[in-house]
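S.K.: My questions all concern the structure below.
The values are calculated or read from the model by the stated rules, or taken from the named source; none is laboratory data. Since this is a predicted model, take the numbers as computed values, not measurements. In this analysis, Cβ positions are derived from the backbone assuming ideal geometry, glycine residues included, and neighbour counts consider all displayed protein chains.
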Ligand code: SF4
Ligand code: SF4
């Protein structure tokens, strides 16, 4: 069972909810928490596991071109065809109809997307794509008894989606019955990779126009995968008017498992930020949010295992 916490907009409470649900589910199930926000993984902070360095494994899921200058004749075709502007010609000009000046192509690895076009077009066979380390997987055994599997994309690297696929494989190897996936914000490649092959999604939002708009966007991706989902409104009381609008909108988008598509609401509380800065998971506090999250957990437990 793979449960994804997604949102569209960043900073609306994905990691807070994912960490809390992981701790609560771990009391009765063998779980793995997976931090799929490979650009900025932060689940370790919410679980107070930052001092635990864990086991790091380098990961190679992308490739970059290597130019063999003995074969290159400086024709410039690779410069011309690279749509990302990742190769420039030094000591010469890119190939044009009138220019016969030949130079030396040079790769900017930070602009390269590893698409392989330059390798295909090079008439001299001077370019070969070679695998490069683009990230790492960190596995921490948490004090709650479950593994925390973190993906980390190296600066300037690409291939976030492939790293997430590897994270899920690692979680499968742990033999857990439930994977709790803390997704990246947005609707791009890492979000798609987290949602793919998953069984259920929780869409968390907050009552602001931008979060509501992003919720609608991420829902398009959820619907593409035909994934069952429920919605949680975090900080609902900062704007109860928009929170009501979200509830009404959710109701119009199908009955959902709860009959309303709203799994629960979490109140705004400044003390949540204090708890995070003190590295205290929310479900270990006495805040109102703890009770609200527990209520969400109970409903979710019933939904996920209702047929078993
Ligand atoms: S296409 Fe090949 S031969 Fe032409 S400049 Fe690029 S590497 Fe050199
Ligand atoms: S692999 Fe693609 S992005 Fe990278 S340099 Fe070649 S053509 Fe450009």
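S.K.: Given the conditions (1) in contact (Cβ under 8 Å) with a residue 12 or more places away in the chain; (2) under 24 Å from residue 149 (Cβ atoms); (3) surrounded by fewer than 16 Cβ atoms within 10 Å (Cβ to Cβ), which single one is not true for residue 51?
M.R.: (1)
S.K.: Just to be sure before I move on: is residue 63 within 16 Å of ligand 2 (Cβ to nearest atom), surrounded by 14 or more Cβ atoms within 10 Å (Cβ to Cβ), within 30 Å of residue 129 (Cβ to Cβ) and modelled with pLDDT of 95 or more in the structure I sent?
M.R.: No; evaluated as a whole, the condition is false for this residue.
S.K.: Show the residue pairs meeting these rules: Cβ distance below 6 Å; 6+ apart or different chains; first residue within region 98-127 and under 16 Å from residue 85 (Cβ atoms) and not assigned by TED's automatic domain parsing to the domain that holds residue 66; second residue surrounded by fewer than 16 Cβ atoms within 10 Å (Cβ to Cβ) and modelled with pLDDT of 95 or more.
M.R.: Here the result reads none, with nothing in region 98-127 linked to a residue that is surrounded by fewer than 16 Cβ atoms within 10 Å (Cβ to Cβ) and modelled with pLDDT of 95 or more.
S.K.: A further question on this structure: If you go through region 75-86 one residue at a time, how many are at pLDDT 95 or above, within 8 Å of ligand 1 (Cβ to nearest atom) and assigned to a loop (DSSP other than H, G, I, E, B)?
M.R.: Total meeting the criteria: 0.
S.K.: What are the pairs, 6+ residues apart or on separate chains, where a residue within region 262-285 that is at positive phi has its Cβ under 8 Å from a residue that is part of a loop (DSSP other than H, G, I, E, B) and surrounded by fewer than 16 Cβ atoms within 10 Å (Cβ to Cβ)?
M.R.: Filtered contacts from region 262-285: 279/50.
S.K.: Which members of region 171-201 meet the condition of being crowded, with 19+ Cβ neighbours inside 10 Å and either assigned to a helix (DSSP H, G or I) or free of Cβ contacts under 8 Å to residues at least 12 places away in the same chain (or both)?
M.R.: The answer is 171, 190, 191, 193, 194, 195.
S.K.: Give the residue that is nearest to residue 180 (Cα to Cα), with candidates limited to residues of region 44-58 that are part of a loop (DSSP other than H, G, I, E, B) and in contact with a strand residue (DSSP E or B) (Cβ under 9 Å, 6 or more places away or on another chain).
M.R.: By that ranking, first place goes to 47.
S.K.: Any chance you could count how many residues in region 49-74 are near ligand 1 (Cβ under 10 Å from one of its atoms) and touching a helix residue (DSSP H, G or I) at 6+ places or on another chain (Cβ under 7 Å)?
M.R.: Result for region 49-74: 1.
S.K.: Hey, among 222, 272, 204, 242, which residue is closer than 30 Å to residue 169 by Cβ, part of a helix (DSSP H, G or I), in contact with a helix residue (DSSP H, G or I) (Cβ under 8 Å, 6 or more places away or on another chain) and in the same structural domain as residue 28 (by TED's automatic domain parsing)?
M.R.: One residue alone meets the criteria, 222.
S.K.: While we're here: Any idea which of (1) under 19 Å from the mean Cα position of the chain (by Cα); (2) at pLDDT 95 or above; (3) more than 23 Å from residue 42 (Cβ to Cβ) is the one residue 209 doesn't satisfy?
M.R.: So residue 209 meets the others, but not (1).
S.K.: Hey, residue 72 hits all of (1) surrounded by 23 or more Cβ atoms within 10 Å (Cβ to Cβ); (2) within 16 Å of ligand 2 (Cβ to nearest atom); (3) part of a loop (DSSP other than H, G, I, E, B) but one; which does it fall short on?
M.R.: In the conditions (1) surrounded by 23 or more Cβ atoms within 10 Å (Cβ to Cβ); (2) within 16 Å of ligand 2 (Cβ to nearest atom); (3) part of a loop (DSSP other than H, G, I, E, B), residue 72 misses (1) alone.
S.K.: For residues that are more than 13 Å from residue 66 (Cα to Cα) and touching a strand residue (DSSP E or B) at 6+ places or on another chain (Cβ under 9 Å), scanning just region 121-137, find the one that is nearest to ligand 1 (Cβ to nearest atom).
M.R.: My answer is 121.
S.K.: Considering only residues that are within 12 Å of ligand 2 (Cβ to nearest atom) and at positive phi, look in region 106-153 and name the one that is surrounded by the most Cβ atoms within 10 Å (Cβ to Cβ).
M.R.: Ranking the qualifying residues of region 106-153, first place goes to 114.
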